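Novice: Let me give you the structure first, and then I'll get to my questions.
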Amino acid sequence: MLLRYTFQRLLMLIPVSISISIVIFMIVHLLPGDPIDNLLRIGSSPEDREALVARYGLDRSLFVQYFTWIGNLFQGDFGQAIVLRRPVIDLIGQNLPYSLVLGGLAFAFSSIVGMSLGIISSVVRNPIIDRLVRGFILLGSTVPGFWLALLLILFFAVNLRWFPVSGAGGWDSLVLPVLTIGFGGVALVARVTRVALMDARREDFVMLLHAKGLSHNTILFRHLMPHALLPVVTILALRIGWILGGAVTVEFVFGRPGLGSLLIRALGQRDYPVVQGCLLMLALAVMLGTLIGDIAQAAMDPRVREAKT
Amino acid sequence: MSMLSVRDLGVAFGSIHPLSGVSFSVDRGQTIGIVGESGSGKSLTAMSVMGLLPLIGGRITDGNIEFDGQDLTNLPETAYRKLRGGRIGLITQNPMTSLDPLKKIGPQVDAVAILHLEMTPKEARARTEDILETLRIPEPALICDRYPHQMSGGMKQRIVIAMALAADPDVLIADEPTTALDVTVQAQIIRLLDDLVKERDLALVLITHDMSVVAQTCDKVVVMYAGRALEFGTVETIFDAPQHPYTQALIGCIPRGGDGTAKLDGIPGTVPTVMNYPKGCPFHPRCTRAQEICTTTQPEFTSYGDSAAACHFAGVAP
Amino acid sequence: MTATISPLGRFARIKNRSLGALSRTSVGRAFSSWIGKIAGGFIILLVLTAIFAPWIAPFDYAAQDLMNGNQPPGWPHLLGTDEFGRDVLSRVIYGARTSLSVSATAIAISITAGMTLGAAAGYFGGLFERVVMTIVDLTWSFPDILIALIFVAIIGPGLTSTTFAIAIAYLAQFTRLTRAQIVRLKRETFIEATINLGAKPHHILFRHLLPNAIAPVIVVGMLAIGDGIVLEATLGFFGLGAQPPTPSWGAMMSSGTAQLFLSPWVIIFPGVVVAVTVIAVNLFGDELISALDIRERLRGS
């Protein structure tokens, strides 16, 4: 059942990935000016120009160009960076590990702390704790990430000198970036967990669970938690893409290498092959996240598993 | 001595008192019907007996609930938990939503025997399959491996009944067990409950708004209105000579086929909500016989043979 | 908050209960709790500050005084000065103009376009609906900052492109919401009755469907203005938003990073204002949701 569902979801990703790739492909063509110029370094020789045109079939129709581009992608050819003059795939390969480490840690941090906070605030029926958690959720979901990053740098790196101001040296350089991304993530996960638990508590079957003589803890962990986890898992899976993409600001502020700062730099330098490459990677992460979320949901909920898609 | 007796029960949510002065008792092998329109406090009575009021923010303020000689009103939660599902089973109103949709049927029923009879999962499963079989569920082993959403409403209600029976309880509380079901299935479930009372010597509290169900299955009946009992007694007495105008009206609502004069007497007006219970007799705004005294003074119960009614004019010919 | 509603002028002509109810009783009820009073009061104060900035700001926001650069908060510069000796308080006050108007305009554009797309998708259904919703779901799953960044990258930095970038970043939200409302309403009896009575599609859409769908959309729009302010600040911080010397909260912080160690107040105060504004918008929006009793309707989409 689950296997069939997974297969269905994978099939549904095909039109999605085609549309995404078309959008990313079209970026170069939507830009003002000649798309060939957009792909070339200023002051390139006519020979460079011809080589590029020949390589990507830029003199052919858009249709052919798109398929050439896709074909190249499948062979690992993401094009040539204009400014850095290196294959885009190398740049991505260099930056991706940094993003994965930061994203992975931030993801783990926000899921664990967020879920704990959400559970605490809805289970411990203490108005003060509940209000504190709600206040934190409000702060975490409203304070701009880059500003929080600056404040953390100011306080922990400049004043207390506990952590380095920027860079990607040792593990200690990860603490502040993870905290910054995690802050918003924790708030989001805590909010979803809290609401989901309170919704689950209101379900009719909970009354009958109590009537069976089950203890509060059994009901909470065996029955309510699985229900509350459904939306949380969805949000967390969606978050995979968001954490990688949302890390843009944080990587920028902390001067860390990574997909986000590579993208920002490329945008600033109008290095479009790199922009396309980064976007493709991020899109891939978003799609993977959604897929994982869907599959996890189906694994947990028999109703989803059997729904006709 | 009665298996379960409730005396002068009063319930409060904060400063609101949705239930007061409810009394009834039921023995083994007996069925008592608690009847009334929705919002009359029937389900609250069930929740009080199950000790589940704190869950929805309520508390018992008056009276007591006695189960097998033991007062339940001040029973600690841990002791109460042993009774719930163990010696008192509950069947709820809506079978569509009363099972955990993420868990298979088998484990949901097994849990009761594992918890209260200290069985191993394997023994519990064997017992579950036995019970399902006695409830006339075909292929119990197959059903145990199914999820709730794969079954019909009537089937789910049988599962809920199986869960309530799993630990061999003494008392079964059925809160509108058939309201959400198809008419044909309703009859089956009611007959099933009736058989269970006889076969297992259960005491059944049947909560319903359907007077005809009461007439078919119950030995005793309590008529409730606006959080109060208005009349109680044996089914024969109450159906032969209802004293309270409300009971009379409810009986008048039962469609009687065949005699050609069948007529549904609807009761004009609506049930008051908790926020605006009337003073005096709660039924007076809708009562055809209401007098000055009904609006000011709450009537006491007066006995008439096997029944008692709380009406100023009970026994007085209209 | 009037800025949000005015671009909806063409809908406002329609006599309808929802919008009427939204503008009077419900807003009143949202103000009834103390949270609503404080949050709503702050928003009103902020809007007034933005409108009357020239009369309120103690200094000219662009006046440089290099001799008094990087002054800490004190007198006469209550919130200190930046590296060019410009008064931070005055720049924050003028910045409210930029930040609020950019965000409000962007969300207004987003609502208008989103409602049109969503209503059309929900009403006509079929292939059109599927195409629209595929694109919408696509942008929905990407972080708003990425969508805005890409858009700015294509049409270049500046306030206009920031406005459109924000509008596009939140378009999906309004399209989804409107469509969900329309689809839900279409199933309701009174709409079916109207169709059976022979009403024309545009009559049904503009007279019955949109007016009923508008209250949740406007509340979400109000919340989105908060998000828009953050997004504007972020773009400004990247140097892609307001260009000097135009003051905007984000741009102020951008130029402040270089002086982070010397004069942290240049970054702290605009950030505080952004945070407090967004919190106020969220709190008030939440009160409004409760007052309008539309929490369930919002959750469904």
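Novice: Every residue in the stretch B:273-288 that is at pLDDT 80 or above and surrounded by 12 or more Cβ atoms within 10 Å (Cβ to Cβ), please.
Specialist: Selection gives B:Y277, B:P278, B:G280, B:C281, B:P282, B:F283, B:H284, B:P285, B:R286, B:C287.
Novice: If a residue must be over 21 Å from A:A285 (Cβ atoms) and part of a loop (DSSP other than H, G, I, E, B), how many such residues does the stretch A:76-99 contain?
Specialist: 5
Novice: Here's a check for you: in the stretch C:178-194, which residue that is surrounded by 15 or more Cβ atoms within 10 Å (Cβ to Cβ) and touching a Lys or Arg at 6+ places or on another chain (Cβ under 9 Å) is modelled with the highest pLDDT?
Specialist: The qualifying residue modelled with the highest pLDDT is C:A180.
Novice: Restricting the stretch C:247-286 to residues that are hydroxyl-bearing (S, T, Y) and in contact with a Pro (Cβ under 9 Å, 6 or more places away or on another chain), which is nearest to the other protein chains (Cβ to nearest Cβ)?
Specialist: Among residues in the stretch C:247-286 that are hydroxyl-bearing (S, T, Y) and in contact with a Pro (Cβ under 9 Å, 6 or more places away or on another chain), the one nearest to the other protein chains (Cβ to nearest Cβ) is C:S263.
Novice: Residues that are crowded, with 21+ Cβ neighbours inside 10 Å and either acidic (D, E) or out of contact with any strand residue (DSSP E or B) (no Cβ under 8 Å at 6 or more places or on another chain) (or both): find the helices (runs of 4 or more DSSP H) completely inside the stretch B:21-135 holding 3 or more of those.
Specialist: Per the criteria, B:105-116, B:121-134.
Novice: Taking the condition buried (at least 19 other Cβ atoms within 10 Å of the Cβ), within 9 Å of another protein chain (Cβ to nearest Cβ) and β-branched (V, I, T), does A:V233 pass?
Specialist: The answer is no for A:V233.
Yes/no matrix, rows are residues, columns are (1) out of contact with any helix residue (DSSP H, G or I) (no Cβ under 9 Å at 6 or more places or on another chain); (2) buried (at least 21 other Cβ atoms within 10 Å of the Cβ); (3) closer than 30 Å to A:A247 by Cβ:
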| residue | (1), (2), (3) |
| --- | --- |
| A:T142 | no, yes, yes |
| A:A149 | no, yes, yes |
| A:G170 | yes, no, yes |
| A:G185 | no, yes, yes |
| A:R194 | no, yes, yes |
| A:D199 | no, no, no |
| A:K212 | no, yes, no |
| A:H216 | no, no, no |
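Novice: Condition test on B:M151, is it touching a helix residue (DSSP H, G or I) at 6+ places or on another chain (Cβ under 8 Å) and either in the same structural domain as B:M47 (by TED's automatic domain parsing) or surrounded by 22 or more Cβ atoms within 10 Å (Cβ to Cβ) (or both)?
Specialist: no
Novice: Hey, does the stretch C:264-271 have a residue that's free of Cβ contacts under 8 Å to residues at least 40 places away in the same chain and either under 20 Å from the mean Cα position of the chain (by Cα) or more than 27 Å from C:P72 (Cβ to Cβ) (or both)?
Specialist: Among the residues of the stretch C:264-271, at least one is free of Cβ contacts under 8 Å to residues at least 40 places away in the same chain and either under 20 Å from the mean Cα position of the chain (by Cα) or more than 27 Å from C:P72 (Cβ to Cβ) (or both), which makes the answer yes.
Novice: Check off (1) of a type outside the set (S, T, N, Q); (2) part of a helix (DSSP H, G or I); (3) at pLDDT below 70 for C:A233 and give me the number that stays unchecked.
Specialist: (3)
Novice: Select from the stretch C:139-151 the residues that are in contact (Cβ under 8 Å) with a residue 12 or more places away in the chain and either within 8 Å of another protein chain (Cβ to nearest Cβ) or of a type outside the set (A, V, I, L, M) (or both) and write down the one among them that is farthest from A:G289 (Cα to Cα).
Specialist: Within the stretch C:139-151, the match that is farthest from A:G289 (Cα to Cα) is C:F151.
Novice: On the given criteria, is A:V23 modelled with pLDDT of 80 or more, touching a Gly at 6+ places or on another chain (Cβ under 7 Å) and closer than 28 Å to C:F151 by Cβ?
Specialist: no
Novice: Looking for something of a type in the set (A, V, I, L, M), in contact (Cβ under 8 Å) with a residue 12 or more places away in the chain and under 17 Å from A:F109 (Cβ atoms) - is there at least one such residue anywhere in the stretch A:245-252?
Specialist: Among the residues of the stretch A:245-252, at least one is of a type in the set (A, V, I, L, M), in contact (Cβ under 8 Å) with a residue 12 or more places away in the chain and under 17 Å from A:F109 (Cβ atoms), which makes the answer yes.
Novice: Considering each residue of the stretch B:124-150, count those that are farther than 23 Å from B:I173 by Cβ and out of contact with any Cys (no Cβ under 8 Å at 6 or more places or on another chain), and give that number.
Specialist: Residues in the stretch B:124-150 being farther than 23 Å from B:I173 by Cβ and out of contact with any Cys (no Cβ under 8 Å at 6 or more places or on another chain): 14 in total.
Novice: Just name the residue that is nearest to A:H29 (Cα to Cα) out of those in the stretch C:152-171 that are of a type in the set (A, V, I, L, M), touching a residue at least 24 places away in the same chain (Cβ under 8 Å) and within 13 Å of another protein chain (Cβ to nearest Cβ).
Specialist: C:V152
Novice: Restricting the stretch B:62-92 to residues that are of a type in the set (S, T, N, Q) and closer than 24 Å to B:G21 by Cβ, which is nearest to the other protein chains (Cβ to nearest Cβ)?
Specialist: Only one residue fits best here, namely B:Q70.
Novice: Select from the stretch B:1-37 the residues that are of a type in the set (G, A, S) and either under 23 Å from A:H210 (Cα atoms) or in contact with an Asp or Glu (Cβ under 6 Å, 6 or more places away or on another chain) (or both) and list them in ascending order.
Specialist: B:S2, B:S5, B:G10, B:A12, B:G14, B:G21, B:S23, B:G29
Novice: Check C:F261 against each of (1) outside any loop (DSSP other than H, G, I, E, B); (2) free of Cβ contacts under 8 Å to residues at least 60 places away in the same chain; (3) over 16 Å from the mean Cα position of the chain (by Cα) and name the one condition it does not meet.
Specialist: Exception for C:F261: condition (1).
Novice: Can you tell me which of A:L105, A:L117, A:L132 is more than 19 Å from A:I243 (Cβ to Cβ) and at pLDDT 85 or above?
Specialist: A:L132
Novice: Can you pull out the residues in the stretch B:292-301 that are under 15 Å from B:V22 (Cα atoms) and not charged (D, E, K, R)?
Specialist: B:Q298, B:P299, B:F301
Novice: Something else: What number of residues within the stretch B:215-241 are without any contact (Cβ under 8 Å) to a residue 60 or more places away in the chain and farther than 18 Å from B:A174 by Cα?
Specialist: Summing the residues that are without any contact (Cβ under 8 Å) to a residue 60 or more places away in the chain and farther than 18 Å from B:A174 by Cα in the stretch B:215-241 gives 2.
Novice: Give the residue, chosen from A:R85, A:R55, A:R60, A:R49, that is on the phi > 0 side of the Ramachandran plot and either modelled with pLDDT under 80 or surrounded by fewer than 15 Cβ atoms within 10 Å (Cβ to Cβ) (or both).
Specialist: A:R85 is the lone residue from the list that is on the phi > 0 side of the Ramachandran plot and either modelled with pLDDT under 80 or surrounded by fewer than 15 Cβ atoms within 10 Å (Cβ to Cβ) (or both).
Novice: Out of all the residues in the stretch B:158-194, which are within 17 Å of the chain's Cα centre (by Cα), outside the structural domain of B:T134 (by TED's automatic domain parsing), more than 27 Å from B:G69 (Cβ to Cβ) and part of a helix (DSSP H, G or I)?
Specialist: Passing the criteria: B:Q186, B:A187, B:I189, B:I190, B:R191, B:L192.
The values are calculated or read from the model by the stated rules, or taken from the named source; none is laboratory data. These figures come from a predicted structure and were not determined experimentally. For neighbour counting, all protein chains shown are included, and Cβ atoms are generated from backbone atoms with ideal geometry for every residue, glycine included.
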